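The next block holds one structure in the form of structure tokens; read it before the comments.
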Amino acid sequence: MSANEKKNVPNALPAGHRFNEFEIKEVIGGGGFGIVYRAWDHLLERTIAIKEYLPVSLVSRDEHLTITLRGERYQKLFTAGLNSFIQEARLLARFNHPGLLHVLRFWEENGTAYMGTLYYSGMTLKEWQLSSPETITDAWIRQLLPPLFGAIDTIHQAGYLHRDISLDNIQIQDNQLPVLLDFGSARKTIGNLSDQTEIMLKPGYAPIEQYSEESDSDQGPWTDIYALGAVLHTLVTGDPPPVSVVRCIEDRYQPLTQLRPEGFSLPLLNAIDRALAMKPQDRPQSVDEFAALIALPVSTVEELVSSVTKVAEESPVSEPQPQPQPQPQLTIAPASASAEYASLRHHKLAKPLAIAAGVAVLALVGLLFAFSSSDNPSAPEPSAAADNSADSAAPAATIAPAKSQAIATVYLKLTSGETLRLNGRPVEAKPNTSGYASLNLPAGQYTIEVQAGEKVHSQRLDIDKPGTWLINPGS
């Protein structure tokens, strides 16, 4: 979205409008069902994003900035969409994964509802493809996928589906880590009730089972995997695959393994073809199975980790600076593509918004190990770094040690005043605005200790393969 388009979003709240400590600075996105603002949190002195539920076909904004219906007949649709928006905010608030939208607050005002989230700088995959298609290579995609796999699998393991994965719903931050954005629940609810499937589903990305009114029992992880396959197909070829309902009549999908686009490996092309199978049972049935098809070699993982670079820190209280141009290489510390996601074979899941009482999600990018107080001074010494950028939504990757090659990135919660020790040795690490510090570690056995005052929490970690871990010694 250009600067002019941002300023011309209809019905947007004006700059300077206040929600208690939150002050709106500008519009950063807008569509038929909501508006996204960049706002300043005066209490915590940080930039956040605020999403407003505003379906323009059903409501408008009066001179008092209150939402008013365009007609009484729209009341049912507006209320149903509003309830879905609220439920989505509550669902997202349960997750704590750097690859998922992090909800900070939720409130109702002006006759509608608002969702306050972390501010994610950068651009969507759709914008990236349009601005820098030459950077989208096999290696680029392989670096993008592991954290994205982790985010999607976290949703699946909690018993939900996303059902709205597409290029414009994946954000590439300035630190190059991907974030899977919202579920589009209000849009889908209004589309269902108004019998307007065209506003509910994104052609090319939705599998055939999403077009059926009685298909909930047929949907599962394979439904999101089809959409992810469509995302990858679009990145590789420049175009999404044919619409699934059209493929039911005449399937003109051309397998990428036959087209063999230059520069892309056969395992990746084969995985995309498998993900885009028309029959759900012919697709990979879990993120783990899909990742295994791509067969990311260990040597490639080590090479990528060793070439990771730091992301420049920004002032914690300054306004966001102009976004840098996309670089040709991502700086992601990749996770193991096949070994670190729990299998979820043929498991039928509930709807994304069917909130189950008592669900508490601990998002794991890799393996969470049992606590231990033992020590191992013989393990290699790591490098440590922190990303304390005010706008960063996830920990930045760090430079691997020169002596021994790092194969794993470890993220851990660390609050101000806490100190970190690795195998008994102090390690300098500062938490970013999300509260995470990061370590790059070679293979070995580690005892990680977090000390807060007189209390010491420790956790044992055995690293014997490439991967990414999210740990919490202080829990």
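The values are calculated or read from the model by the stated rules, or taken from the named source; none is laboratory data. What you are looking at is a predicted structure, and each value in this text was computed from that prediction instead of being measured. Here the Cβ is made from the backbone with ideal geometry for all residues, glycine too, and neighbour counts use every protein chain on show.
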Where a residue in segment 232-243 is over 17 Å from I172 (Cβ atoms) and its partner, wherever it lies, is surrounded by fewer than 16 Cβ atoms within 10 Å (Cβ to Cβ) and among the acidic types (D, E), with Cβ under 8 Å and at least six apart: H233/D239; P242/D251
Out of V450, V410, sole residue that is at pLDDT 80 or above, buried (at least 22 other Cβ atoms within 10 Å of the Cβ) and part of a strand (DSSP E or B): V450
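Residue-by-condition table, conditions (1) among the β-branched types (V, I, T); (2) in a helix (DSSP H, G or I); (3) modelled with pLDDT of 85 or more:
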residue	(1), (2), (3)
I152	yes, yes, yes
H156	no, yes, yes
L161	no, no, yes
N175	no, no, no
F183	no, no, no
R187	no, yes, no
E198	no, yes, no
Yes/no for S60 being outside any loop (DSSP other than H, G, I, E, B), over 24 Å from Q171 (Cα atoms) and small (G, A, S): yes
Some residue of segment 44-60 being of a type in the set (F, W, Y) and farther than 18 Å from W107 by Cβ: no
Considering residues of segment 9-35 that are of a type in the set (G, A, S) and closer than 25 Å to L77 by Cβ only, the residue modelled with the highest pLDDT: A12
Hits in segment 49-75 (condition: charged (D, E, K, R) and either surrounded by fewer than 13 Cβ atoms within 10 Å (Cβ to Cβ) or in contact with a His (Cβ under 7 Å, 6 or more places away or on another chain) (or both)): D62, E63, E72, R73
Meets criteria (under 26 Å from L44 (Cα atoms) and among the charged types (D, E, K, R)) for E134: no
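Taking segment 210-222, which residues are surrounded by fewer than 24 Cβ atoms within 10 Å (Cβ to Cβ) and either modelled with pLDDT of 90 or more or in contact with a strand residue (DSSP E or B) (Cβ under 8 Å, 6 or more places away or on another chain) (or both)?
The one that is surrounded by fewer than 24 Cβ atoms within 10 Å (Cβ to Cβ) and either modelled with pLDDT of 90 or more or in contact with a strand residue (DSSP E or B) (Cβ under 8 Å, 6 or more places away or on another chain) (or both): G220.
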Among the residues listed as E88, E5, the single one being surrounded by 21 or more Cβ atoms within 10 Å (Cβ to Cβ), at pLDDT below 90 and in a helix (DSSP H, G or I): E88
Number of positions in segment 231-268 that are within 19 Å of I165 (Cβ to Cβ) and either among the basic types (K, R) or assigned to a helix (DSSP H, G or I) (or both): 12
Among residues of segment 105-141, those that are within 20 Å of the chain's Cα centre (by Cα), outside any strand (DSSP E or B) and among the hydroxyl-bearing types (S, T, Y), counted: 3
Selected residue [outside the structural domain of S166 (by TED's automatic domain parsing) and surrounded by fewer than 22 Cβ atoms within 10 Å (Cβ to Cβ)] from G111, G99: G111
